[in-house]
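> Dropping the structure in here first, questions after.
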Amino acid sequence: MLNDFNDIELVRLFKEDKNRDQVFTIIVKRYQERIYWQIRRLVVSHTDADDVMQNVFIKAWNGLDQFREDAKLFTWLYRIATNESLTFLEQSKKKSSLSFDDMSETLSDKLHSETDFDEKKAVWKLQLAIQQLPEKQRVVFNLRYYEEMPYEEMSEILETSVGALKASYHHAVKKIEEYILNH
Amino acid sequence: MKDHQHILSELSSISPLVADLPRNNPFEVPEGYFQQISANILLQIQAQEIEKEELSPFLQSLKKENPYSVPPDYLQQFKVETRPKHSKVVRLFNLKAVLKYEAAAAVIGIIATFATLFFSSEKQVTIAKSTDEVAISADGYALFLNETASIEENHDEAPMEDAQSLLVQMDANTVTQILSEIPENEISNYIDLTFSEDLNLMN
């Protein structure tokens, strides 16, 4: 029965402290796959994606009482997921530079360790090209290319103007094209 | 569907090569992961709640309600003031400043006048000195002194000579003739007048 409730109704029930666990489980199940893939494409490895995923939903649990109902729940969760992924990458970068391990655990290296990885296959070549992009362009490209998200919704998640997002996407596609032509 | 077509045509216009790439997901996820994840997350949340309760049961029992209140419609009507409410008034005509400048101008004027007078007199003297030094030689100066001395001598002697010559030329007959031509009443008037003047002088 709770499965039929929309996001606003679920958030209201959560705030009223009624069946919190059940309500929250429904929210997680509703968006877990989309959130997971958004995180996975940014951090690449499953183990890292799982860690970030858990952090995202724990933060959502802690912040849902203050969630304003005029915003979309999905947009809000996406924003938390993007910020958590970028924070994770930033921390990894700092750790690798502190431990002097020569950035061996870069995103490209992580791609190479994927079970089905084949550099000759176009689908993996595209993944390698995406990992060469700057972080912001990578986020914009993934949301537009894989999630097919409208720029207006993306603008709410990333708090960036539509014009700037269009420019970022354009630059990202051109860089990917260049990478594929040269490799 | 409409969005999908729009996004695809946008991508084709930027790069047909990237638009033609396969879109399938190459990543793998452990089996049953998505069936388990919600339960795992809930377990973590419960562990976190227990930890909080053990740390401070009192704080955990409190509801996370905001105790502060705002005036009605405050947030709806909130505007950022870009200009200060009372801007500083700047007078176009400041009497004090004008008086200050006038006093300064007067002092400068006085100093300038005195300086001009002082330096102009100094200049004249120096020019005169320099002209003497440059233009007049020693011989010329001696000649100048001789000439001036003779002029001065002539000048002192001349009136006396003239008076004496006049006296010599006028004998007694001439004087009597001149006097006879003057009417008697004019002579008496003249005597009266000179006499009264002499009296005044004596008094």
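No value in this document is a laboratory result; all are computed from the given coordinates. As the structure is a computational prediction, the values presented were derived from the model and not from experiment. Every residue, glycine as well, gets a Cβ built from its backbone with ideal geometry; the counts of neighbours run over all protein chains shown.
> Given the peptides A:77-84, B:106-113, B:39-46, arrange them by the average over their residues of other C-beta atoms within 10 Å, most packed first.
A:77-84, B:39-46, B:106-113
> Looking only at other chains, what is the average number of their beta-carbon atoms within 10 angstrom of each beta-carbon in A:38-44?
1
> Could I ask something else about it? Can you tell me the 0 to 90 degree angle between the C-alpha axis of helix A:73-98 and the longest principal axis of chain A, rounded to 10?
40
> Working from Cα positions, state the angle (0 to 90°, nearest 10) between the long axis of helix A:46-63 and the longest principal axis of chain A.
30
> Same structure, new question: Across 5 Å bins from the origin, how do the percents of Cα pairs in chain A run, short distances first?
Spelled out per bin, shortest first, that is 1, 7, 15, 17, 18, 15, 11, 7, 5, 2, 1, 0.
> Could you identify which residue out of A:Arg40, A:Arg20, A:Arg138 has the top mean-square fluctuation in a GNM of chain A using Cα springs shorter than 10 Å?
Evaluated over chain A, the most mobile residue of the options is A:Arg20.
> Related question: Gaussian network model of chain A, Cα springs within a sub-10 Å range: biggest mean-square fluctuation belongs to which of A:Ser108, A:Ser96, A:Ser85?
A:Ser96
> Please go through segment A:1-73 and write out the GluC sites (Glu not before Pro) that DSSP classes as loop and that have at most 11 other C-beta atoms within 10 Å.
Answer in residue order: A:Glu16, A:Glu69.
> Shifting gears a bit: Dipole size in debye (nearest 20) for chain A around its Cα centre, Lys and Arg Cβ +1, Asp and Glu Cβ -1?
Approximately 280 debye in magnitude.
> Name the residue farthest towards the positive end of the dipole of segment A:15-137 from the options A:Tyr36, A:Leu86, A:Phe74, assuming +1 on Cβ of Lys and Arg, -1 on Cβ of Asp and Glu, about the Cα centre.
Selected residue: A:Phe74.
> If I model a spin label as a point 7 Å beyond the Cα along the Cα-Cβ vector, how far apart are those points for A:Ala71 and B:Thr194 in nm?
Here the answer is 13.4 nm between the modelled labels.
> Within a Cβ distance under 15 Å of A:Glu147, other residues only, what is the Lys/Arg minus Asp/Glu net charge?
+1
> May I pose another question? Using a simple charge model, +1 on the beta-carbon of Lys and Arg, -1 on the beta-carbon of Asp and Glu, nothing else, what dipole does segment A:1-97 show about its Cα centre, in debye to the nearest 20?
360
> Could you work out the mean count of beta carbons from other protein chains within 10 Å of each residue's beta carbon in B:22-30?
6
> Would segment A:1-104 count as rounded, prolate or oblate if I go by the C-alpha gyration tensor, calling it rounded below 1.5 in a/c and otherwise prolate when a/b exceeds b/c, oblate otherwise?
Judged from the Cα gyration tensor, segment A:1-104 comes out prolate (a/c at least 1.5, a/b above b/c).
> Shielding by partners for A:170-178, please: the mean number of other protein chain Cβ atoms within 10 Å of each residue's Cβ.
Average per residue, whole number: 4.
> With angles folded into 0 to 90 degrees, how steeply does helix A:135-145 sit against the dominant principal axis of chain A? Use alpha carbons for both and round to 10.
70
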